[in-house]
1. Taking residue 106 as the residue in question, decide whether it is more than 15 Å from residue 303 (Cα to Cα), crowded, with 18+ Cβ neighbours inside 10 Å, in contact with a helix residue (DSSP H, G or I) (Cβ under 7 Å, 6 or more places away or on another chain) and without any contact (Cβ under 8 Å) to a residue 60 or more places away in the chain.
2. Just to be sure before I move on: is residue 220 aromatic (Phe, Trp, Tyr), more than 22 Å from residue 100 (Cα to Cα), touching a helix residue (DSSP H, G or I) at 6+ places or on another chain (Cβ under 8 Å) and surrounded by fewer than 18 Cβ atoms within 10 Å (Cβ to Cβ) in the structure I sent?
3. Just to check your reading of the model, which residue among 142, 154, 146, 171 is crowded, with 19+ Cβ neighbours inside 10 Å, in contact with a strand residue (DSSP E or B) (Cβ under 7 Å, 6 or more places away or on another chain), assigned to a helix (DSSP H, G or I) and modelled with pLDDT of 95 or more?
4. Return only the number of the condition from (1) touching a strand residue (DSSP E or B) at 6+ places or on another chain (Cβ under 6 Å); (2) at pLDDT 80 or above that residue 187 does not satisfy.
5. Which of the residues spanning the range 120-139 are in a loop (DSSP other than H, G, I, E, B) and either surrounded by fewer than 22 Cβ atoms within 10 Å (Cβ to Cβ) or free of Cβ contacts under 8 Å to residues at least 60 places away in the same chain (or both)?
Amino acid sequence: MSVFKKKQKSKNILNAFKLKKLTSKQSLTQSFTSKKQKPQQPTTQPVYIVQKRSSFWRWVWIFFIVMFFINLLFPPSRGNVAVIKIDGVITTSNSGLFASVESQDIVSLIKKAADDDHFKAIVLEINSPGGSAVASEEIVNAVLEARQKKPVIAWIRDIGASGAYWVASAADYIIASKASIVGSIGVKASYVELAGFIERYNATYQELTSGEFKDMASPFKHLTLVEKQKILEKLRKIHEYFKTSVKANRNLTTQDIERVANGEFFIGLEGKELKLIDAFGSKQEVKTFLEEKLNTSIDFESLSIKKSLVGMFKSFGAAKQKAKPSFSELLLVSDYFLIEAK
């Protein structure tokens, strides 16, 4: 073998050794780095998730469409007697401070039931201590109008006093429990007087008015004798109007109304003797009375004002923004009658 071939062979062996060494070094480095790296999480498939969500909403839409057609084909059965609840203090607008009912809501429900020929009668389910004189009168007038079209029955539960009893008296027939509170046909006015408190702490009150009685019943000064006589005279007029209205609604004699128009409240047992109510009973007795009167079977259907979420927020905002009258602008008539001088 020549010298050249020997050198070439040894050179090839050396290159093969270097290549093998380099390859083993690289594999060692790769294995070391792979140990340091964290294992990769399996990737999600967004297309698959989107398909699941779209499938879910598709079934939701199918459900609502099916329910819509079921309601069209098989509408829910309706009652033939409308029941309207008067629950809480009767007001012209909801103040949001206590449980109350707006007169315009009740008036609209009464008119709706009176104009609907499907309803044979109207039942007023009353559980109220009274309220604003104006609000109560609005409901009374709506009841008297409805009576010209169909019977209106008042069903008094725990309490139907003051303005609430005024509303009940406008109905054709009144049914109450023996323990229900009824009546309270009277008038009162009250306000908080802070004049003594101001004098005690050496404060002064000054108010400039354009009329002699403009600041009458202001809580920051003592009520004069003349002012007191004027307020009492207005209360007497309101009381007389209240008495006259109840007397006409219940077909009472002058002697009958004078016995009950002293502001006293009565329980149902007393109220029947005093001709304030017609019969004792509950919802079952109301149903029995109407079945005998109308000579047909009775099913009740409750009517209520359905307000949207936006409408409720608007009502809440209006109640918050409503300016509250001062003490001098308030007169409390009967137990809960409220007259606002604005």
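1. Working: more than 15 Å from residue 303 (Cα to Cα): no; crowded, with 18+ Cβ neighbours inside 10 Å: yes; in contact with a helix residue (DSSP H, G or I) (Cβ under 7 Å, 6 or more places away or on another chain): yes; without any contact (Cβ under 8 Å) to a residue 60 or more places away in the chain: yes.
Spelling it out, it is not the case that residue 106 is more than 15 Å from residue 303 (Cα to Cα), crowded, with 18+ Cβ neighbours inside 10 Å, in contact with a helix residue (DSSP H, G or I) (Cβ under 7 Å, 6 or more places away or on another chain) and without any contact (Cβ under 8 Å) to a residue 60 or more places away in the chain.
2. Numbers: aromatic (Phe, Trp, Tyr): yes; more than 22 Å from residue 100 (Cα to Cα): yes; touching a helix residue (DSSP H, G or I) at 6+ places or on another chain (Cβ under 8 Å): yes; surrounded by fewer than 18 Cβ atoms within 10 Å (Cβ to Cβ): no.
For residue 220, the condition - aromatic (Phe, Trp, Tyr), more than 22 Å from residue 100 (Cα to Cα), touching a helix residue (DSSP H, G or I) at 6+ places or on another chain (Cβ under 8 Å) and surrounded by fewer than 18 Cβ atoms within 10 Å (Cβ to Cβ) - is not met.
3. Details: 142 fails: in contact with a strand residue (DSSP E or B) (Cβ under 7 Å, 6 or more places away or on another chain); 154 fails: assigned to a helix (DSSP H, G or I); 171 fails: assigned to a helix (DSSP H, G or I).
After applying the criteria, what remains is 146.
4. Failed condition: (2).
5. 120, 129
The values are calculated or read from the model by the stated rules, or taken from the named source; none is laboratory data. The shown structure was predicted, so the numbers you read here are calculated from the model rather than taken from an experiment. Don't worry about glycine lacking a Cβ; one is built from the backbone with ideal geometry, like all the others, and counts go over all protein chains shown.
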